[in-house]
Amino acid sequence: MTTITSKQSQVKLLLRGELIKNVKLTKTQLTVYLNDGMPHYLIANEYRFLEGEVKEWLKSYKPSQERLEREFRDSKGRSLEEYVTEDMILSILRITKDQFINLKKNGLPFQHVGEKGFYHVQDILDFYRKGNQVVKQVLKNMLMPLVEKVPADVPFLIVDGSYNFNNATAGTGVVIVRNGETAAGYSTVRNIKTTKPIVCELLAILDALKLMKKKKFKKAIIITDQKAWTSSFSIDLKTYKGPVKQYINELNQRWNQYKGKVEIRFVGELNEGKNNPLYKKAHDLSQEHRACVNERLKF
């Protein structure tokens, strides 16, 4: 039988209010720390804490990457949706990784958020601008000639899907470009068995429509590498069975919801077509399923 020492018998679990007072926290901080894994005990549906455990945890505490990215705002009030990642900057600036490292050492503007770096295209262009010449928006150049035919406030959603038969996972990638000035990438991975790789391309359209709702877009242009869909986008449910059918059914419902508000264009209309950095980014995002078998992002 285990004997409780006098030292152990003096241990006392603290209530929320007691922990806040003893450790000098705010209610908001406590909620954030709990979400980030602070040690606690759930007894009779109420939180209890050991003060020593909490203080030790706080010594090495680092906010979660997801929360840092979600809550980030720069000095101009911009969120990370207006920033791009390193691989996209390399494509936009057309430089090597070694050149990029040297530019960062010599003042290239970027934001360090948690363990990742993020880059604002316009900030970088302004930093390297010379003379009085007008520098065209890089993202607008990538979208040419589409930007000449589409109102500035209509976003572009460049999509791609890919399928891995080895682990039965479908990956989708979506890159959203707003006003020809900002770009943000999104990916989704689903465990799904199918004999039709085209399913992943349909899922990419589905995820684009989900993002439209989440971002409250009233209209949008979806760009895909499936040329036939640009003239007619219709899906016959009878050709799909099992778990795939539920996704296709959802896609049909969302497509009907946005009928007349969404237009599908072929990737060939982008500058450089499938070699366009925006499309390549969507493709790379769709390939993330090769290293991930669980759904990574839900809308």
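The values are calculated or read from the model by the stated rules, or taken from the named source; none is laboratory data. Quantities reported herein were computed from a predicted structural model and do not represent experimental measurements. Counting neighbours? That spans all protein chains shown, and the Cβs are built from the backbone with ideal geometry, glycine included. What goes into the accessible areas is simple: the full protein's heavy atoms, side chains included, and nothing from ligands, DNA or RNA. Shrake-Rupley method; radii C 1.70, N 1.55, O 1.52, S 1.80 Å.
Of all residues in segment 257-287, which are open to solvent by 70 Å² or more (accessible area, probe 1.4 Å), among the charged types (D, E, K, R) and not in a loop (DSSP other than H, G, I, E, B)? Across segment 257-287, the qualifying residues are E263, K274, K280, D284. When residues in segment 19-38 are screened for being more than 30 Å from E82 (Cα to Cα) and open to solvent by 40 Å² or more (accessible area, probe 1.4 Å), 5 of them pass.
Across segment 218-256, the number of residues qualifying as at pLDDT 90 or above, in a loop (DSSP other than H, G, I, E, B) and surrounded by 12 or more Cβ atoms within 10 Å (Cβ to Cβ) comes to 3. The condition of being on the phi < 0 side of the Ramachandran plot and at pLDDT 95 or above does not hold for I198.
Yes/no per residue for (1) modelled with pLDDT of 90 or more; (2) loosely packed, with under 12 Cβ neighbours inside 10 Å; (3) not hydrophobic (A, V, I, L, M, F, W, C):
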site: T5; (1), (2), (3): no, yes, yes
site: S9; (1), (2), (3): no, yes, yes
site: A44; (1), (2), (3): no, yes, no
site: E51; (1), (2), (3): yes, no, yes
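Every condition in (1) basic (K, R); (2) in contact with a helix residue (DSSP H, G or I) (Cβ under 8 Å, 6 or more places away or on another chain); (3) part of a helix (DSSP H, G or I); (4) open to solvent by 70 Å² or more (accessible area, probe 1.4 Å) holds for K210 except the one numbered (4). For segment 192-207, the set of residues classified as open to solvent by less than 10 Å² (accessible area, probe 1.4 Å) and either closer than 13 Å to K245 by Cβ or of a type in the set (A, V, I, L, M) (or both) consists of I192, V199, L202, L203, A204, I205, L206, listed by residue number. Considering (1) among the charged types (D, E, K, R); (2) over 16 Å from the mean Cα position of the chain (by Cα); (3) in a helix (DSSP H, G or I), the lone condition that K196 does not fulfil carries the number (3).
Quick check, is V174 surrounded by 15 or more Cβ atoms within 10 Å (Cβ to Cβ), in a loop (DSSP other than H, G, I, E, B) and at pLDDT 90 or above? No: the conditions fail for V174. Of everything in segment 84-113 that is free of Cβ contacts under 8 Å to residues at least 60 places away in the same chain and under 19 Å from the mean Cα position of the chain (by Cα), the residue that is surrounded by the most Cβ atoms within 10 Å (Cβ to Cβ) is I89.
For segment 138-154, which positions are farther than 13 Å from P277 by Cα and open to solvent by less than 10 Å² (accessible area, probe 1.4 Å)? Within segment 138-154, just L146 meets the criteria.
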